[in-house]
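Heads up: the structure comes next, in structure tokens.
The values are calculated or read from the model by the stated rules, or taken from the named source; none is laboratory data. This one's a predicted model, so the numbers in the text were calculated from it and none came from an experiment. Cβ coordinates were reconstructed from backbone atoms using ideal geometry, including for glycine residues, and neighbour counts include every protein chain displayed. All accessible areas refer to the heavy atoms of the entire protein, side chains included, with ligands and DNA or RNA removed. Shrake-Rupley method; radii C 1.70, N 1.55, O 1.52, S 1.80 Å.
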Amino acid sequence: MPISSTPSIAAAPGSLLHIRDLTVRFGNAPRPAVDALSLQIAPGESLGLVGESGSGKSVTALAVLRLLSGASASIQGSIRYTAQQGTHEILTMPAEPLRRLRGREIAMIFQEPMTALNPVMPVGRQIGEALLAHQPGMPRRAVADAVHAAMETVALPDPVRRSRDYPHQFSGGQRQRILIAMAIINRPRLLIADEPTTALDVTVQAQILELLAKLREEYGLAMLFISHDLAVVSQVTERVAVMRHGLLLELAPVRTLFQNPTHPYTQALLRAIPTMKTPLDQPLAMVSADAGWREGVLEEQSPAHWVRSF
Ligand SMILES: Nc1ncnc2c1ncn2[C@@H]1O[C@H](COP(=O)(O)OP(=O)(O)OP(=O)(O)O)[C@@H](O)[C@H]1O
Ligand SMILES: [Mg+2]
């Protein structure tokens, strides 16, 4: 795996996660799935990643946890994570410290909770195993208490009794809460959430977004929140990165992005969000196929507002 070699491991001062020039290619694909992407997340910060299907959002998330090695991916660039004990280069760190980082420092939740859960194991045991993976030998009683506390934190009803139930005995929203309980039980500092609410109906989606906001506040949790839906992302993040075809097109604080969207692709995404004023019979704005295809350079057009030239 070629990565740009830098003699000393330095991350940008104050960053928790520092992705630099990340490029991911699959086989003979004509374009990289992720193209020289650079992003930083500060401790406790929530960064949104938006873009249409195939823009490279999930590949970015998987690269951060180094979960792409099974695929025929060639990965270049650097992904630095600053833990309490120092900075790690995720792309080259040895397997054992990487295992400790995953789940303990960086946790992930996915779109489809059912596929991430074991259908034949009671949910309490699954949440407990997430804890035991990082604290082997923890006494059973302490594990059970921690599981019940985590279930309570994510507002799953009647934790002691329900911990013995199986995934199919819960609703979709409750299953996502179970996954969130598994993700937070080790008190990670970074949560990667890849379309965590896309499979849920709107009311349940709002409840899950509220829960994530609460957890961020309580635990000082940083988050990389991925969605194709700019409206959803803007509810839970402070800054938003817009991606298309693997390229970062615009990066700005949420408010700036909504008030002064500059890249035509971002403007098209915003027009596609229905508002109270959108007539019901009007078709949603279409995002033109070539917006953002031409490769320009990223420039900081005002402080913290980056736009790729077009
Ligand atoms: N394992 C793989 N092997 C080959 N190509 C892949 C693999 N995983 C992803 N890709 C390709 O990389 C590109 C980016 O995919 P990615 O899954 O990151 O998109 P996404 O932005 O998450 O889209 P969605 O919103 O549909 O989840 C796509 O063109 C996809 O086909
Ligand atoms: Mg995806």
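Some observations on this one:
- Cα-projected label distance for Ser72 with Glu238, points at 7 Å along beta-carbon direction, nm: 4.2 nm
- Apportionment of accessible area to carbon and sulfur, the stretch 110-187, percent (1.4 Å): 55 percent
- Rough spin-label spacing in nm, given labels placed 7 Å along Cα→Cβ, for Arg255 and Val202: 2.7 nm
- Under DSSP loop assignment and at most 12 Cβ neighbours within 10 Å, longest trypsin sites (Lys or Arg not before Pro)-free interval of the chain: 1-163
- Computed on the Cα trace of the stretch 85-184, the radius of gyration divided by the Kirkwood hydrodynamic radius gives Rg/Rh = 1.01.
- Share, in percent, of DSSP beta bridges within the chain that are antiparallel, nearest 5: 60 percent
- Using a Förster distance of 41 Å, the FRET efficiency for Val160-Gln267 (Cβ separation, nearest 0.05): 0.20
- Of interest is the spacing of the C-alpha centroids, which for the stretch 232-260 and the stretch 36-71 amounts to 14 Å.
- Virtual spin-label span in nm between Ala29 and Glu299, 7 Å along Cα→Cβ: 3.0 nm
- Over the chain: Kirkwood hydrodynamic radius from C-alpha pairwise inverse distances, Å: 20.4 Å
- Accessible area of the stretch 110-187 divided out per residue, in Å², using a probe of 1.4 angstrom: 50 Å²
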